[in-house]
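The values are calculated or read from the model by the stated rules, or taken from the named source; none is laboratory data. The model shown is predicted, which means the values in this text are computed figures rather than measured ones. All Cβ positions, even for glycine, are placed from backbone atoms using ideal geometry, and neighbour counts span all protein chains on display.
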Amino acid sequence: MSLTDEPLAERVARFARGHAVRATTPMVGDASNRAYFRVELESGETRVLALLPEAFTQRELPFLNVAELLRAMPIRVPEVMEVSGSEGILLLEDLGDHLLQDAAEESSETGKREIYQKAIEMLATLQLRGKELENERYLPFRIAFDEAKFFQELEFFREHFVEGLREALLPSAELEELACSFRAIARELTTKPEALCHRDFHARNLMVLSGELVLVDFQDARRGPIAYDLVSLLNDSYVVHEPDFVGEMTALFEDSVGATVFEDYDLAALQRNLKALGTFGYQISRRGNDVYQRYLEHTVTMVRKNFERNPRWDALRRILARHEKGLG
């Protein structure tokens, strides 16, 4: 049942009437259709109220299913304080506002290295324990990145970044060339060895609480290329990393999981960064969410450097550079 027709304020007010709530404050959300409020209880404790767009049953809600899997690993995730499926509500532990993004920007080089080592350890746990706990009772093992999904995300980039944000009018020959390149990227990615993937393992989905990392926004976890989450963390739109740091963390990851990702890294990074630009383009041009403007230049730069390292994608680069000067 859709709950989107009811104003958020009414849903929050109804929740407050049934609880000892002193105050509620809207929180900055992600690029999804979920809404979040910080709730201050009469006791002085705070919680996070997550309002989902649809009613749900606990057994079928991906967030709760994946949270159970992650706790079994164990990976630290928010504690669920209350669930109301008919109201589309989750009441969660308040993790504060300190993101890995903030820690990376504020820390010394030593501090940044230490906190990212923890992130790599968490990612290794996700992949290694994911193999051990694989069971179809958990949703992520029933779904995977496939060629159609990767291709759809690249087409989303074309539609919402190239044509939407950059307002490009693509002739049919360019459309065909883009589709051909996108299919080749998508097809090659599906040939890579798989592991359990968070899907958005980046610096805005890792919270820092008392020096501990807590993973959030994990409801879309699925099987995918081993390099995918590593690329999400190190080719992150939200944090700039020096090449030596990326190399160091990649080596740590490879040692931790016993796999080599060097040959697959740039392929996964290209698809991932183009997908991110599509998301940013959609948020800016369609939803008027200009907060993502600040991340465009860095993401475009990562794509350009990837192209420079990989001349096999020159045809794709030539087309995109006609409409995005940062790729020239």
### Where Thr260 falls short, out of the listed (1) of a type in the set (S, T, N, Q); (2) closer than 27 Å to Leu64 by Cα; (3) assigned to a loop (DSSP other than H, G, I, E, B)
(2)
### Query
So which pairs qualify, if the first residue must be in segment 18-34 and under 15 Å from Arg47 (Cα atoms) and among the basic types (Lys, Arg), the second must be surrounded by 12 or more Cβ atoms within 10 Å (Cβ to Cβ) and modelled with pLDDT of 85 or more, the Cβ gap must be under 7 Å, and the two must be at least 6 apart or on different chains?
Arg22/Glu40; Arg22/Leu41
### Query
Which one is farthest from Val261 (Cα to Cα), of the residues in segment 194-216 that are aliphatic (A, V, I, L, M) and surrounded by fewer than 19 Cβ atoms within 10 Å (Cβ to Cβ)?
Leu209
### Task
Scan segment 316-324 and give yes if some residue there is free of Cβ contacts under 8 Å to residues at least 24 places away in the same chain, outside any loop (DSSP other than H, G, I, E, B), surrounded by 13 or more Cβ atoms within 10 Å (Cβ to Cβ) and small (Gly, Ala, Ser), otherwise no.
yes
### Query
Does segment 22-45 contain any residue that is over 23 Å from Pro140 (Cβ atoms), modelled with pLDDT under 95, of a type in the set (Lys, Arg) and over 23 Å from the mean Cα position of the chain (by Cα)?
yes
### Query
Can you find even one residue in segment 118-125 that is touching a residue at least 24 places away in the same chain (Cβ under 8 Å), over 30 Å from Asp290 (Cβ atoms), part of a helix (DSSP H, G or I) and polar (S, T, N, Q)?
yes
### Task
Kindly check whether there is at least one residue in segment 172-181 that is assigned by TED's automatic domain parsing to the domain that holds Glu254, closer than 22 Å to Arg71 by Cβ and without any contact (Cβ under 8 Å) to a residue 60 or more places away in the chain.
no
### Task
Find all pairs meeting these conditions: Cβ atoms under 8 angstrom apart; at least six residues apart or on different chains; first residue within segment 269-280 and under 20 Å from Glu167 (Cβ atoms); second residue outside any helix (DSSP H, G or I).
Ala276/Ser237; Thr279/Ala31; Phe280/Ser237
### Task
Return a yes/no flag: does segment 291-299 have any residue that is within 19 Å of the chain's Cα centre (by Cα), among the acidic types (Asp, Glu) and part of a helix (DSSP H, G or I).
yes
### Task
Might you check whether a residue that is farther than 23 Å from Leu133 by Cβ and basic (Lys, Arg) occurs anywhere in segment 191-210?
yes
### Query
Residues in segment 55-74: is at least one free of Cβ contacts under 8 Å to residues at least 24 places away in the same chain, among the charged types (D, E, K, R), exposed (fewer than 14 other Cβ atoms within 10 Å of the Cβ) and farther than 27 Å from Asn135 by Cβ?
no
### Query
So which residues in segment 281-290 are in contact (Cβ under 8 Å) with a residue 60 or more places away in the chain and in a helix (DSSP H, G or I), if there are any at all?
Gly281, Tyr282, Gln283, Ile284, Ser285
### Message
If a residue must be out of contact with any strand residue (DSSP E or B) (no Cβ under 9 Å at 6 or more places or on another chain), within 21 Å of Val240 (Cα to Cα) and of a type in the set (Asp, Glu), how many such residues does segment 256-309 contain?
### Response
4
### Residue check, Tyr295 surrounded by 20 or more Cβ atoms within 10 Å (Cβ to Cβ), within 28 Å of Glu147 (Cβ to Cβ) and modelled with pLDDT of 95 or more
no
#### Entry: strands (runs of 3 or more DSSP E) contained entirely in segment 11-108, each with at least 1 residues that are farther than 28 Å from Ala203 by Cβ and not assigned by TED's automatic domain parsing to the domain that holds Gly278
21-26, 35-41, 80-84
